[in-house]
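J.: Just dropping this structure here.
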Amino acid sequence: MTSHRTAFRSRRTALLLATPTLAIALLAAATHVDATPADPSAAAAGHTVDTGGALLPHRAATPAAATSGYLGVTFGMDTDTLNGNHQNQGNTIYNLPLYKSTGDLNAFWDDYVEELVSAGVDFVAVDVRGYVPGTAQPNGGGDPRILTGLVDAINRRGVANQLKIAAFDDTPASLTDKKNQIVHHTGGYTPLFDIGDANGTGEGGYQYIWDRNLRPFYAAVPDSMRFKVDGRPLVYEWSINDFAFTNQGNGNAARMLGYVRSHAQSEFGVDPYIVVDNSWLSQDPTVSSQIGGADGWFGVPGTGRSLTTFNGSTYGVAVPGFHFAVGSTTMDIDPDHGQTLAANLAATAGAGAKVTLVEGFTDWQENAALTRTADGSYDQRHTDYPGQMINIMRRYSRTPFPTTLRVEAEAADSYSDTTAGNQWNVYRDGNLDIQTTPDSGGGWNVGAIAGGEWLQWQEQPLQGSTTFHVRAASTNNSGQLRFVVDGQAGPTTTVPNTGDWQTYQTIDAGTFTFAPGTYHTVRIEFLTGNVNLNYWTATHN
């Protein structure tokens with residue numbers, strides 16, 4: 001398992017503990033899952049007809065869904081997440097990620113870009129918290145200067161037209177905590193941040209929200225990759241309640257946002273579409289003239305969602321679950337085998353919200369994560385299988401049934417491997433042999449595959465006539481594999497000699513016909529081995 005050390009106190013959890021009156025919160029199956037082997041005679045020539053699969057609720061695929069109802073996720077990039085250190089104040093961590101982060105930022109971004117694209121989200125709202133001048137990158141957690149790495153990873157994978165970047169300004173951390181680090185060399189939330197002090201002569205300063213936070217965000221993320229609402233780049237602002245701020249009223253909060261907007265326009269030629277936590281409006285009603293939308297975040301305990309109307313549009317917030325328990329403090333939203341996330345998305349993105357933000361893709365600290373989880377039982381991980389939360393997210397995206405579905409070999413929900421351990425010791429723990437691949441798009445592949453081994457994925461969206469392809473490599477002509485979907489076997493596919501174990505070809509692996517709107521268990525069985533597998537695709541014909 002990944003190494004551990006004493007972890008930092010999660011900023012938003014710390015605020016909850018310090019301010020119990022706030023009505024806001026922040027935020028697998030077993031490795032080997034066997035099934036009855038498919039009958040080899042079941043694969044017929046031409047289309048293989050699969051009458052199985054499950055009907056699961058998902059967002060309706062209407063023309064309106066393709067142009068509205070945007071879905072995004074918060075994304076923490078604190079140093080513990082970057083380095084794979086999963087401890088938080090003694091809170092039990094259930095949502096351990098499948099991906100073994102080691103501090104390699106390129107690999108970190110490559111994995112999470114793939115996971116975000118697989119979830120079907122329109123944007124990732126990175127949790128920016130500013131930086132201390134004169135420091136190396138990354139500076140603590142949420143340093144916007146490292147976002148050039150995210151931009152590069154999106155470009156490497158060729159998904160700049162799919163996945164865009166927004167800012168989630170963790171306002172108490174980027175203003176109050178950073179001011180106290182710089183001015184008082186302590187950090188934390190006392191003394192409070194004075195929003196009425198524009199120049200920073202006292203306990204405030206607009207430089208914390210702009211110069212050291214949102215300006216470097218815009219410098220790192222090019223205009224073409226910023227997520228936009230009504231043509232304007234999206235910025236979320238979190239709470240300005242009394243636990244961290246003073247002098248929020250009398251137009252002060254509005255003036256601060258006006259400063260951000262004017263500098264964004266003069267320096268970058270953009271007018272931010274700012275969505276604020278409702279505390280901004282309650283503290284300073286004049287903020288309404290500076291914002292595009294507002295949200296109600298979510299309470300703990302509670303349903304884990306909110307839907308807020310502002311200027312005729314609705315803005316949703318959802319969470320998959322939440323668990324933080326230290327001493328006498330217990331905050332919990334039951335994930336209920338993924339049903340909490342599904343219900344919350346149905347009530348927000350699925351109910352016509354203009355934009356829905358889901359906390360929090362990497363929020364393992366508070367067991368609110370959406371990433372693929374490490375192998376383990378539900379009691380250990382709070383997911384039924386590694387990719388469950390990603391699959392639920394995709395069901396309520398604007399493309400629940402993508403024309404081409406791409407699925408990574410290394411991210412299998414279950415598998416059978418004939419040798420103990422991970423030969424190359426990268427990507428995930430367990431017995432699956434995974435190595436880094438130089439194939440187009442980067443990432444990882446499953447290697448050292450032997451005959452009789454298999455990989456399996458749960459609840460994959462497949463409908464109509466669908467052609468499967470594998471991205472495979474081999475140095476001989478004897479490698480054979482086949483798709484088995486819901487126990488129904490497709491044709492046997494021979495992998496040709498590609499010239500090298502890391503020289504990949506895309507190979508046709510047969511066509512299936514599925515009922516409309518159905519979700520399926522997909523297995524690849526390796527009949528003879530001698531194959532490396534990078535990923536597979538399913539294309540609706």
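J.: Compute, for region 217-328, the length of the dipole vector about the Cα centre, with Cβ point charges of +1 (Lys, Arg) and -1 (Asp, Glu) only. Units Debye, rounded to 20. Let's see the in-between values first.
T.: Working: 6 positive and 9 negative charges, 28 e Å.
Taking the Cα centre of region 217-328 as origin, the dipole is about 140 debye.
J.: Now a separate question. Determine the dipole magnitude for the chain: charges of +1 sit on the beta-carbon of Lys and Arg, -1 on that of Asp and Glu, nothing else is charged, the reference point is the Cα centre, and the result goes in debye to the nearest 20. Don't jump to the answer; show the numbers that get you there.
T.: Numbers: 32 positive and 52 negative charges, 193 e Å.
For this selection, approximately 920 debye.
J.: Within region 252-275, name every residue whose backbone N is under 14 Å away from a label modeled 7 Å from Cα of ASN311 along the Cβ vector.
T.: Of the residues in region 252-275, 258, 261, 271-275 have backbone N under 14 Å from the label point off ASN311.
J.: Same structure, new question: Give me D for region 476-541 in µm² s⁻¹, whole number, from Stokes-Einstein with Rh from the Kirkwood sum over alpha-carbon pairs, 20 °C and 1.002 mPa s. Before the final figure, lay out each step's value.
T.: Values: Rh = 13.0 Å.
Translational diffusion coefficient: 165 µm²/s.
J.: Cα to Cα, under 27 Å, and not fewer than 8 places away if on the same chain: which lysines meet these conditions relative to LYS354?
T.: List returned: LYS164, LYS228.
J.: Related question: Would you work out which of ALA351, GLN380, VAL270 lies farthest towards the positive end of the dipole of the chain, given +1 charges on the beta-carbon of Lys and Arg and -1 on that of Asp and Glu, about the Cα centre?
T.: Selected residue: VAL270.
J.: How far, in nm, would the chain grow between ASN477 and THR201 when pulled straight, counting 0.36 nm per residue and subtracting the alpha carbon separation?
T.: Working: separation 276, 0.36 × 276 = 99.36 nm, distance 7.33 nm.
So the extension gain works out to 92.0 nm.
J.: At 20 °C and a viscosity of 1.002 mPa s, what translational diffusion coefficient does Stokes-Einstein give for region 216-346, taking Rh as the Kirkwood radius over Cα pairs? Give it in µm²/s as a whole number. Before the final figure, lay out the partial values.
T.: Details: Rh = 16.6 Å.
Rounded to a whole number, D works out at 129 µm²/s.
J.: Between HIS184 and HIS337, how high is the FRET efficiency from 1/(1 + (r/R0)^6) when r is the Cβ-Cβ distance and R₀ = 41 Å? Nearest 0.05. Provide the component values of the computation, followed by the final result.
T.: Values: r = 46 Å, r/R0 = 1.12.
The calculated FRET efficiency here is 0.35.
J.: Output the Kirkwood hydrodynamic radius of the chain, Cα pairs only, in Å rounded to one decimal.
T.: Details: mean 1/r = 0.0416 Å⁻¹.
24.0 Å is the Kirkwood radius here.
J.: If I take R0 = 60 Å and measure r between the Cβ atoms of ALA325 and SER465 in this structure, what FRET efficiency does the formula 1/(1 + (r/R0)^6) give, to the nearest 0.05?
T.: The calculated FRET efficiency here is 0.75.
J.: Only counting other Cβ atoms within 10 Å, I'd like MET393, MET331 sorted with the fewest neighbours first. It would help to have the intermediate numbers written out before the result.
T.: Details: MET393 27, MET331 20.
Exposure proxy ranking, most exposed first: MET331, MET393.
J.: Where does each of GLU114, GLU366 land when they are ranked from fewest to most other beta-carbon atoms within 10 angstrom?
T.: Working: GLU114 25, GLU366 28.
Result, fewest neighbours first: GLU114, GLU366.
J.: Could you tell me which residue out of PRO172, GLY149, ASN247 lies farthest along the dipole of region 147-247 toward its positive end? Charges go on the beta carbon: Lys and Arg +1, Asp and Glu -1, centred on the Cα centre.
T.: GLY149
J.: Per DSSP H run of at least 4 residues, take -39500 (n - 2.57); add these up for the chain, divide by its residues and hand me the 222 nm value, nearest 500 deg cm²/dmol.
T.: Working: 10 runs with 88 residues, N = 541.
So the helix-based figure for the chain works out to -4500 deg cm²/dmol.
Read the figures in this text as sums done on the coordinates, not as results from a lab. In this text the structure is predicted, and so the values were computed from the model without any measurement. Positions of Cβ are generated from backbone atoms using ideal geometry, with glycine treated the same way; all protein chains shown enter the neighbour counts.
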